[in-house]
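Only the coordinates and a few stated rules stand behind these numbers; no lab work does. Please read all numbers here as calculations on a predicted model, not as lab measurements. With ideal geometry, Cβ positions are generated from the backbone for all residues, glycine too; neighbour counts draw on all protein chains shown.
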Amino acid sequence: MNNENVQHLKMAWLAAEEAGDKESQLALLRDHPDAQESLIDFIAAYRITESREENAQQVEILPLTQRAFATALERVFSSSVARSGLRQLREQTGLSLVETARGLRLGIDVWKKFEDGVIELVSLSERQLERLANFFHVGVEQFGTMLNNSQPIPTLDRRQTAQAARNTLNQQKKQSFDEAVKRSTMSREEKKEWLV
């Protein structure tokens, strides 16, 4: 397995760790036997360096560290990621649509609206935007740019011309995040978690 694929697996493992999704972490190890050794070494190093106690200085440094981490990721993945949409970001982290929705505790229908660019960026609170950006280990600005660049995958009905398909995509109604969550199939607890 090449380094890029291993890197994506590590990022997927970290995303699952942050979401507290142990099943996804185990599935990564089980489903990628050729990368198990690298992943096990990475997980061991992660656990060894994981801090058990936070002091005041660490709390102050955390936002600076997060910005530095986001900048480093942006440099590693180049600015082409910022020009792409949320679907590409999800695919680069090696997560499926279901894994992403589960990790964020969102309905699949809501995350799909993010990827299709239906959710309006201005409808997200700062807390919601930070939570979404942190899940993917990107900066808030970068996540916002990617949301604005997100578009649905065009599908062409045999009876439909290409121009008609483009017009249909352009006419897709924008929706606020709160409205999307309220209309979602998410559980009451998940809705409350995002709407508070």
Candidate lysines for bridging to Lys10, where Cα separation is under 21 Å - those fewer than 8 sequence places away on the same chain excluded: Lys22
For the stretch 107-123, Karplus couplings with θ = phi - 60° (6.51, -1.76, 1.60), whole Hz, Gly/Pro x: x, 4, 4, 5, 5, 4, 5, 4, 5, 8, x, 7, 6, 7, 4, 5, 7
For Gln175, residues with placed amide H under 5 Å, excluding near neighbours: Ile119, Glu120
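For a protection proxy built on the mean count of beta-carbon atoms within 10 angstrom, sort 189-196, 86-93 highest first, please. Display every interim value, and only then the final one.
Details: 189-196: 14.0, 86-93: 20.0.
Ranked by mean Cβ neighbours within 10 Å, highest first: 86-93, 189-196.
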Candidate lysines - alpha carbon under 20 Å from Lys182, same-chain residues fewer than 8 apart omitted: Lys112, Lys113, Lys173, Lys174, Lys191, Lys192
Sites Lys173 and Glu23 - FRET efficiency at Förster radius 35 Å, r taken between beta-carbons, to 0.05: 0.50
Phi-based couplings in Hz for the stretch 11-19 (Karplus 6.51, -1.76, 1.60; Gly and Pro marked x): 5, 5, 5, 5, 4, 5, 4, 5, 7
